[in-house]
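A short worksheet on the structure shown next.
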Amino acid sequence: MTAGAAQRRAGRHKFRSALGVALAVFALDRTTKAVVSSRLDLRDAVPVIDGFLNIVHARNPGAAFSFLADAPAWFRGPFFVCVTVGAIIAVLYVVARLPPQDRLMRAALGGVLGGALGNLFDRLAYGEVVDFIDVYWRTHHWPAFNVADSSITVAVVAILAHTLLSEPPDASAAHPRGAPRP
């Protein structure tokens, strides 16, 4: 195998785990939203754990916590699509530059990617995102969310934990004795 072929193969392998996680998240997100949309009328709720969890059929024209939900549709739609596409490009850029051994970070970025794609699909197909998980305590309800939102949240927590808890690279190995440091 030539050096160029080996490099192309390694480049494709860099994306394999991230895209695998993204595909799994996207498929689960689409499936759960389709089931909820087909079985529940808008704003219907089915108790799962009384006093704590319902499955609902909600639509969110905004982003997290209904951010910009009241903005005009002519602004909101293109804005969220552009922001999501930008985030997808940024995630792919980071995945392409990760060292091969950084599997946890690749998987976490795949979770972000899958969640972003799931919610982007909804925005393009319906102009809003389908949410269905309603967590609450007495009369206090957390904003409804979905599998895509959950994946993004868990992935970001994993990325932050990995970044904060991993040991920094050995600076002396990167800069031989006597070499100027940046």
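The values are calculated or read from the model by the stated rules, or taken from the named source; none is laboratory data. Everything quoted here is computed from the prediction, not taken from an experiment. Here the Cβ is made from the backbone with ideal geometry for all residues, glycine too, and neighbour counts use every protein chain on show.
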- Message: What's the total number of residues in the stretch 82-98 that are touching a residue at least 40 places away in the same chain (Cβ under 8 Å) and over 14 Å from the mean Cα position of the chain (by Cα)?
- Response: 2
- Restricting attention to the stretch 129-141, and to residues there that are over 19 Å from the mean Cα position of the chain (by Cα) and among the hydrophobic types (A, V, I, L, M, F, W, C), which single residue is surrounded by the most Cβ atoms within 10 Å (Cβ to Cβ)? 135
- Considering (1) surrounded by fewer than 17 Cβ atoms within 10 Å (Cβ to Cβ); (2) at pLDDT 90 or above; (3) part of a helix (DSSP H, G or I), say which one residue 173 fails and leave the rest. (2)
- Hey, residue 104 hits all of (1) in contact with a His (Cβ under 6 Å, 6 or more places away or on another chain); (2) buried (at least 16 other Cβ atoms within 10 Å of the Cβ) but one; which does it fall short on? (2)
- Item | Residues located in the stretch 33-66, provided they are over 18 Å from residue 113 (Cβ atoms) and assigned to a helix (DSSP H, G or I) | 34, 35, 36, 37, 38, 39, 65, 66
- Please verify whether the stretch 67-74 includes one or more residues that are assigned to a helix (DSSP H, G or I) and under 28 Å from residue 104 (Cα atoms). no
- Message: Tell me yes or no: at least one residue of the stretch 110-125 is aromatic (Phe, Trp, Tyr) and surrounded by fewer than 15 Cβ atoms within 10 Å (Cβ to Cβ).
- Response: no
- Test residue 132 against the stated conditions and say whether it is modelled with pLDDT of 95 or more, over 23 Å from residue 14 (Cα atoms) and not in a helix (DSSP H, G or I). yes
- Search result, residues across the stretch 82-124 that are under 13 Å from residue 159 (Cβ atoms) and either acidic (Asp, Glu) or assigned to a loop (DSSP other than H, G, I, E, B) (or both): 98, 102
- Task: Select from the stretch 27-69 the residues that are at pLDDT 95 or above, buried (at least 18 other Cβ atoms within 10 Å of the Cβ) and within 16 Å of residue 153 (Cβ to Cβ) and list them in ascending order.
- Result: 29, 32
